[in-house]
Amino acid sequence: MLFSYFKIAWRNIKRNKLFSAINILGLSIGIALCFLIMLYVQDELSYDRFNKNADHIARVIFKASINGGKISEAFVMAPVAATIKKDFPEIKETARLQSVGAVKVTYADKIFKNDELAYVDPSFFNLFTLPLIAGDAKTALMQPHTLIITRTTAEKYFGKQNPIGRILGFNDNTEMFKVTGIIENIPTNSHFHFDLFASMVGWEPAMSDSWMSGSFHTYLLLKPNADYASVQSRFPAMVEKYMGPQIQRDMGMSLSQFRTKGNELGFALQPLTSLHLHSDSSFELEAGGSSTYVYIFGAIALFMLLVACINFINLSTAGASRRAKEVGIRKVAGSGKFQLIRQFLSESILIALFALLIGFIIVKLTLPAFNNISGKHLFFDTKPIVAFILTGLLVGLIAGIYPAFYLSSFKPIAVLKGKLTADKNSFGLRRSLVVFQFFISVTLIIGTIVVYQQMKFIQNKKLGYDKDQLLTLPNSWALEKNEQVYKQELRRDPRVINATSSWFRPAGPTNTNNAMAYPEGHDNQAMKTVEYHVDDQYIPTLGMQMAAGRNFSKDFATDSLGMIINESAATAFGWNTISAVGKRVVRVNSDKGTNIAFHVVGVVKDFNFSSLHNPISPLLMTLQPEGGLIFKVNTTDISGLIATMKKRWDAFNTGEPFTYNFMDDLFNKTYETEQKTATILNVFSALTIFVACLGLFGLATYAAEQRRKEIGVRKVLGATVSQLTQLLSKEFLKLVLIASLIAFPVAWWAMNQWLQSFAYRIHISWWIFAMAGISALLVALLTVSAQAIKAAIANPVTNLRSE
């Protein structure tokens with residue numbers, strides 16, 4: 001019996017080639033797109049879940065509110081981990097990690113560069129499931145200057161040799177480490193990725209007892225029955241006991257006095273599995289994902305599948321009149337309603353199987369491109385393939401249920417007499433489905449335009465500095481004492497406009513230097529800021545503007561204790577721009593000593609030195625030239641200048657390759673996630689609109705089929721092709737207009753929510769909605785007109801022959 005159903009289904013598919021092809025195409029695109037998005041969403045939700053104890057691991061973060069400024073940092077001070085383990089019985093184990101970044105590694109006569117190093121506690125591998133394939137996890141990092149490396153790193157350094165016991169030199173062999181363990185490569189869905197893990201045992205920064213500063217990512221393994229909230233609730237007492245005395249010592253006030261001014265500081269816990277999607281802390285080890293985008297893409301996947309199913313329903317019911325006599329004859333011959341339902345469901349499942357096969361091919365062909373756009377490493381394995389097949393079969397079943405019941409409900413006498421009339425309820429449902437399809441389409445069009453406009457706004461926003469024509473050398477430290485010589489040589493090149501020495505950059509990778517500071521005599525106004533170490537050419541090289549006072553100058557010896565602040569810092573200290581000049585700012589635990597007072601020589605206009613997701617925060621600049629070179633260049637001969645710079649670099653025999661970055665490229669990479677999202681959204685929107693148009697085509701076909709005799713009569717009575725086309729198109733355009741009116745408020749709310757994540761954002765203008773609505777109407781008009789014109793130019797004799 002089942003074979004018979006599928007044989008008849010195959011014959012019907014061949015008989016209605018156009019409808020079947022459109023059905024299969026729509027379903028295959030819907031299934032493929034849905035599955036691609038589901039792979040993306042599943043990957044985003046899987047971060048850090050490969051760890052055996054993932055649900056019992058949390059990270060400690062620093063939270064503060066100082067003078068109204070909110071602070072959330074992903075790392076904390078060195079003694080926090082040991083203190084929590086000692087004072088909190090619910091904690092089974094703690095571990096710290098501090099990223100060092102890319103390092104230069106020497107083995108024998110070989111030099112390796114750009115591998116990422118982190119210092120970790122010996123207990124680190126007790127928390128994270130990164131099993132050793134060589135060495136003993138319990139003892140591998142118990143001794144100073146020991147090292148665990150990844151499998152790929154071991155193969156790169158040692159080839160087929162046994163790495164255990166080998167000695168690696170860091171920083172031109174000034175530090176030597178013994179390899180004591182090898183781990184598999186860290187999974188891609190981890191919130192950190194390092195090539196080398198060095199022991200913190202004996203490492204001086206790790207032994208610090210300071211509760212005032214530190215940059216250690218600190219993780220806790222809670223006992224099975226421990227409660228996150230209970231542990232976190234006792235953090236204020238820990239702060240009072242350990243941090244309070246140091247605040248008194250360094251800031252001259254008690255913790256209670258600090259809090260009476262409306263300030264607060266302390267610690268909080270973040271579950272490990274929430275770090276990738278839900279962290280809002282600064283100084284993350286890697287850029288995280290966005291739960292908002294996961295929800296958006298998940299919704300798009302669902303809607304795309306619904307749109308594809310709606311097309312199936314519309315196209316199946318649109319062709320109902322062609323199957324009416326078949327149903328009548330089957331019923332007269334003795335077929336029951338449920339037999340017919342099984343027959344029609346067999347057809348829908350067979351179509352779904354064809355769509356599934358084509359969808360699978362589409363996924364396989366497009367997955368590399370999707371990975372490239374999304375920055376992922378998605379792939380098929382057993383579980384996704386099973387889910388893919390089940391999804392296809394479920395889609396076929398869901399999409400076929402309504403047409404099966406609808407077609408099987410025809411009255412045999414009526415259909416055999418040719419008296420099949422339109423079911424008002426079913427037609428109303430089909431119109432509602434088309435409205436839903438274009439509601440989704442218009443919403444996506446608006447979303448695409450808003451994302452594009454926001455990205456364009458970011459690209460063109462005045463940042464307070466000139467990001468164009470700025471060339472940075474990220475590894476100029478390799479020049480050592482020749483760094484200034486190299487800079488001065490290039491300053492004489494006419495293609496170089498200016499140059500400055502600083503590790504601090506307003507875009508891309510940069511030094512981080514958080515500072516506690518307060519106006520002299522007002523320690524109750526202490527706040528956490530960012531401090532830049534710069535030279536006297538930093539401001540002119542980056543094209544910044546002074547709001548008051550002056551820049552640093554070599555003519556003033558007192559500038560060694562001078563400071564330039566930004567407008568936000570002046571406001572935070574309670575000064576206006578003009579009055580700030582000449583004031584004194586006490587820098588707590590300055591590099592130049594404890595609680596050093598600096599005099600303000602100038603106020604620089606605010607410039608964006610972090611993501612435009614965040615407002616400009618207070619910034620201090622002190623005259624402390626250090627490694628790092630930034631050049632302002634003339635763009636007329638960039639290739640020639642770079643060649644000259646490389647030649648002069650090579651002359652110093654640094655052992656490091658000449659590398660450079662342009663500041664505008666570094667700036668653009670800050671918004672790489674948004675750019676990728678915009679690209680994906682464009683593709684999804686186009687495909688959703690295309691599939692929706694297939695549904696509209698189906699309804700237009702149905703309408704033309706139902707009204708063929710009316711069209712014949714009107715044409716005989718003198719109606720023109722344009723009048724008939726307008727007659728058939730008007731109703732569908734009305735549906736698209738209704739869909740647009742529903743979509744406008746929903747899209748405005750959704751995109752307004754998305755824009756809230758940017759401190760600097762566009763306003764959603766009325767023309768965006770007008771453009772989206774007009775675009776949808778034009779697309780619908782083109783889709784419907786093709787079918788309407790075909791019906792209008794048909795020979796009326798053919799349509800009226802049966803009368």
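Observations, loosely collected:
- Per residue solvent-accessible surface (Å²) - segment 504-609, probe of 1.4 Å: 38
- Mean Cβ count within 10 Å, highest first, over the residues of peptides 103-113, 35-45: 35-45, 103-113
- Here segment 525-668 carries DSSP beta bridges of which approximately 50% are antiparallel, counting only pairs with both residues inside.
- ³J(HN,Hα), Karplus 6.51/-1.76/1.60, whole Hz, each residue of segment 492-498, x for Gly, Pro: 7, 6, x, 7, 9, 7, 7
- Under a 5 Å amide H cut-off, with hydrogens placed 1.01 Å from N, THR150 pairs with ILE183 among residues at least 5 apart or on other chains.
- Cα gyration tensor, segment 160-207 - rounded (a/c under 1.5), prolate or oblate: oblate
- Nearest-0.05 FRET efficiency for ALA54 and ILE762, computed from C-beta distance (R0 56 Å): 0.90
- A DSSP coil position with no more than 15 other Cβ atoms inside 10 Å describes the following trypsin sites (Lys or Arg not before Pro) in segment 547-592: ARG550, LYS554, LYS592.
- Ranked by solvent-accessible area (1.4 Å probe, protein heavy atoms only, all chains present), the residues MET176, MET212 order from largest to smallest as MET176, MET212.
- Segment 48-159 - accessible surface per residue (Å², probe 1.4 Å): 41
- PHE652-HIS377 FRET efficiency (beta carbon distance; Förster radius 51 Å; 0.05 resolution): 0.85
- Dipole magnitude of segment 60-142, debye to nearest 20 (Cβ charges: Lys/Arg +1, Asp/Glu -1, about Cα centre): 160
- Take segment 214-257 with all the other protein chains still there, run a 1.4 Å probe, and you get 46 Å² of accessible area per residue.
- Residues in segment 542-559 carry Karplus couplings, in order, of 8, x, 7, 10, 7, 8, 6, x, 9, 7, 4, 9, 5, 6, 10, 5, 6, 5 Hz; the curve used is 6.51 cos²θ - 1.76 cosθ + 1.60 with θ = phi - 60°, and Gly or Pro positions show x.
- Ligands, DNA and RNA left out, the accessible area of segment 183-313 computed with a 1.4 Å probe is 56% carbon and sulfur.
- Surface share of carbon and sulfur [accessible, 1.4 angstrom probe, percent] for segment 560-602: 52
- Total charge dipole magnitude, segment 47-93, about the Cα centre, Cβ charges on Lys, Arg, Asp, Glu only, Debye to nearest 20: 40
- Whole-number percent relative contact order across segment 486-535, with pairs defined as alpha carbons under 8 Å at least 6 apart: 31
- Pairs exceeding a 22 Å alpha-carbon distance, out of LYS481/LYS647; LYS104/LYS676; LYS178/LYS223; LYS461/LYS676: LYS104/LYS676; LYS178/LYS223.
- The trypsin sites (Lys or Arg not before Pro) of segment 131-211 that DSSP puts in a loop, and whose beta carbon has at most 15 other beta carbons within 10 Å, are LYS138, LYS160.
The values are calculated or read from the model by the stated rules, or taken from the named source; none is laboratory data. What you see is a predicted model; the values in this text were computed from it and never measured. Cβ: placed from backbone, ideal geometry, glycine included. Neighbour counts: every protein chain shown. Areas reflect the complete protein model, heavy atoms only, side chains present, ligands, DNA and RNA absent. Shrake-Rupley method; radii C 1.70, N 1.55, O 1.52, S 1.80 Å.
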